[in-house]
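*Asks:* Here it is, the structure in full.
The values are calculated or read from the model by the stated rules, or taken from the named source; none is laboratory data. Since the model is a prediction, treat every value here as computed from it, not as a measurement. All Cβ positions, even for glycine, are placed from backbone atoms using ideal geometry, and neighbour counts span all protein chains on display. When the accessible area is computed, the model is the full protein with side chains, heavy atoms only, and any ligands, DNA or RNA have been set aside. Shrake-Rupley method; radii C 1.70, N 1.55, O 1.52, S 1.80 Å.
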Amino acid sequence: RYEPTWQSLDARPLPAWFDEAKLGVFVHWGVFSVPSFGSEWFWWYWQKEKRAPYVKFMEANYPPGFRYEDFGPLFTAEFFDPNQWADILKASGAKYVVLTSKHHEGFTLWGSKYSWNWNAVDVGPKRDLVGELATSIRNRTDLHFGLYHSLFEWFNPLFLEDATNVFKTRMFPTSKSLPELYEIVTKYQPEIIWSDGSGNAPDTYWNSTGFLAWLYNDSPVRDTVVTNDRWGVGSICRHGGFYTCSDRYNPGHLLPHKWENCMTIDKQSWGYRRDAKLHDYLTIEELVKQLVETVSCGGNLLMNIGPTHDGRIAAIFEERLRQMGTWLQVNGEAIYGTKPWRAQNDSVTPEVWYTSRPREGQVYALFLNWPISGTLALGEPQATLGETEVRLIGHKELLKWASLEKKGMVVALPQLSLKQLPCQWGWALQMTNVN
């Protein structure tokens, strides 16, 4: 059994499914999806920091005296079809999904008994959004279902009082945050708890180790659940299950601990923005690059989308997700279930990243640019005549190759027309028996 200490909890092995999954989809959805302007931090930027664009937006579009709480009934979700969401998520090639059950605004997407009149069952959609999506994901896909949960809430009076007392009192975690965590785990059995928002309080204030000990010892998901590292000030990148370290974290080199790159398809925001321009969205080429770099360095990629207040996944997000799925249908063997190789990227040709399957004796070279010369020089793999075989994934024939003088090899790529290419945005060589 795990003790409620970091030393004990950090010794828990990460369930194997998480490292094998490689790709997840993050879904930021809540009352902030109603103004859908600027950022999911709308309330804070408007009321607390009083940032000019937010103040002007409210003055121009809403009556005087309009409060953030008045957005609640406007969060309607009338077009939310959990089956359709599940089908899109499945088509993305992702192996898990993480939904914001509650962001820093405190609004819960389930009918929490600890969030009186500020939840999706009492206000707005009048639906259990968490439960509906969980059911559809489990009925229609093999994705692991996960929940994001914010520890703190910007303007909760109990939290603000604890903060005034320099967190010597613990009214907020004992009456709100912790009961919610136990509630979502017991009710929805998520296999990822993606914690966030320390509120500048230490993990002892949140009793994070006490909750995690229960989660790992006695909860209904104790054998399969994975957690991240955001459990209070000082825990990030140090404690918990997998490390996130920071938003959009992409170190570019191998880390000794399992990590995740959580990032957004909309470069500016996690929540939906009505005012986003096309160039604000990452292209599929940029997303494939993020995936390849992340996986080769031992990480998982968690790609974020922000649905609309009425429950739609905007066409641009759907397109990116489906494009990623199309790419993975061809190149999945170089991604899912792979391990980092001894070299993460190539020493001769830029934009070439490696993954491996040690058991099968296979190394994959993922290259993002098709060389004009028709040959790909690789500085890292050592090939042996008569033993090494090279294939382009999605293409039948073996490829010709030659050893380079000092080290490495040159591979002759097949001469293919655009239509004949196995995919469009990056390719993978499967190499057998290289050192």
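*Asks:* Tell me the per residue accessible area of segment 339-432 using a 1.4 Å probe; a whole number in Å² is fine.
*Replies:* Ligands and nucleic acids excluded, the result is 56 Å² per residue.
*Asks:* Follow-up. Given Cα pairs under 8 Å that are at least 6 residues apart, what percent is the relative contact order of the chain?
*Replies:* Relative contact order comes out at 17 percent.
*Asks:* Using the Cβ atoms and a cut-off under 13 Å, what net charge is assigned to the surroundings of Tyr54, where Lys and Arg are +1 and Asp and Glu are -1?
*Replies:* Counting the neighbours of Tyr54, the net charge comes to +1.
*Asks:* Within the chain, what's the longest stretch lacking GluC sites (Glu not before Pro) that sit in DSSP loops with no more than 12 other Cβ atoms inside 10 Å? If you can, show how the numbers build up before the last one.
*Replies:* Details: sites that count: Glu49, Glu78, Glu387, Glu397, Glu405.
Answer - 79-386.
*Asks:* Per residue of segment 97-105, in order, report the coupling 6.51 cos²θ - 1.76 cosθ + 1.60 (Karplus, θ = phi - 60°) as ³J(HN,Hα) in whole Hz, putting x for Gly and Pro.
*Replies:* With the stated coefficients, segment 97-105 comes to 9, 10, 9, 6, 5, 7, 8, 5, 6 Hz.
*Asks:* Amide H to amide H, which residues 5 or more places from Asp81 or on other chains are under 5 Å from it, using H placed in the peptide plane?
*Replies:* Counting only residues 5 or more places away or on other chains, the set is empty.
*Asks:* Tell me, what is the percent relative contact order of segment 339-432, built from C-alpha pairs under 8 Å that lie six or more residues apart?
*Replies:* Averaging sequence separation for qualifying contacts and normalising by length gives 30 percent for segment 339-432.
*Asks:* Something else: Whole Å is fine, so just give me how far the alpha carbon centre of segment 92-106 lies from that of segment 334-394.
*Replies:* 33 Å
*Asks:* Local charge sum around Val25 (other residues, Cβ-Cβ under 13 Å, Lys/Arg +1, Asp/Glu -1)?
*Replies:* That sum, taken over residues with Cβ under 13 Å, equals +2.
*Asks:* Can you tell me the 0 to 90 degree angle between the C-alpha axis of helix 315-331 and the longest principal axis of the chain, rounded to 10?
*Replies:* 40 degrees
*Asks:* Now for a separate question. Looking at segment 61-118, which chymotrypsin sites (Phe, Trp or Tyr not before Pro) are in a loop (DSSP not H, G, I, E or B) and have at most 11 other Cβ atoms within 10 Å?
*Replies:* Values: sites: Phe66, Tyr68, Phe71, Phe75, Phe79, Phe80, Trp85, Tyr96, Phe107, Trp110, Tyr114, Trp116, Trp118; in loops: Phe66, Phe75, Phe79, Phe80, Phe107, Trp110, Tyr114, Trp116, Trp118.
Counting only loop positions with at most 11 other Cβ atoms within 10 Å, the chymotrypsin sites (Phe, Trp or Tyr not before Pro) in segment 61-118 are Trp116.
*Asks:* In addition: May I ask you to give the percent of accessible area on the chain that is carbon plus sulfur, with a probe radius of 1.4 Å?
*Replies:* 51 percent
*Asks:* Could I ask something else about it? Report the relative contact order of segment 290-385, percent, no decimals, based on alpha-carbon pairs under 8 angstrom and at least 6 residues apart.
*Replies:* Relative CO of segment 290-385 lands at 23 percent.
*Asks:* Might you list the cysteines of the chain that have no disulfide-compatible partner by the rule of another cysteine's Cβ under 4.7 Å?
*Replies:* Unpaired cysteines in the chain: Cys262, Cys297, Cys423.
*Asks:* A further question follows. Please work out which option in [x] 261, 37, 29; [y] 74, 52, 40; [z] 90, 47, 40 gives Cα extents along the principal axes in Å calculated from these coordinates, and answer with its label.
*Replies:* [y]
*Asks:* Now a separate question. Name the long-range amide H neighbours of Val225: under 5 Å, sequence gap of 5 or more, or other chain; modelled H, no Pro or chain starts.
*Replies:* Those lying under 5 Å, H to H, from Val225: there are none.
*Asks:* If you don't mind, another one. As an exercise, identify the trypsin sites (Lys or Arg not before Pro) in segment 247-312 lying in DSSP coil whose Cβ has no more than 15 other Cβ atoms within 10 Å.
*Replies:* Passing both the DSSP loop test and the Cβ count: Arg248, Lys258, Lys267, Arg274, Lys277.
*Asks:* Provide the gained length on full extension for the span Asn217 to Tyr336, in nm with one decimal, where the gain is 0.36 nm per separating residue minus the Cα-Cα distance.
*Replies:* 40.0 nm
*Asks:* Residue-wise, which Karplus ³J(HN,Hα) couplings in Hz belong to segment 237-242, taking 6.51 cos²θ - 1.76 cosθ + 1.60, θ = phi - 60°, and x for glycine or proline?
*Replies:* 6, 10, 10, x, x, 8
*Asks:* In segment 335-435, which trypsin sites (Lys or Arg not before Pro) are in a loop and have at most 11 other Cβ atoms within 10 Å, using DSSP for the loop call?
*Replies:* Answer in residue order: Arg342, Lys396, Lys406.
*Asks:* Just to check I understand the Karplus step: with θ = phi - 60° and J = 6.51 cos²θ - 1.76 cosθ + 1.60, what whole-Hz values come out for segment 36-49, glycine and proline as x?
*Replies:* 6, 9, x, 5, 5, 8, 3, 4, 5, 5, 6, 8, 8, 8
*Asks:* If you don't mind, there's one more thing I want to ask. Would you list which aspartates and glutamates come within 17 Å of Lys339, measuring only between C-alpha atoms, while excluding same-chain residues fewer than 8 positions from it?
*Replies:* In chain and number order, the partners are Asp19, Glu20, Glu260, Glu293, Glu360, Glu380.
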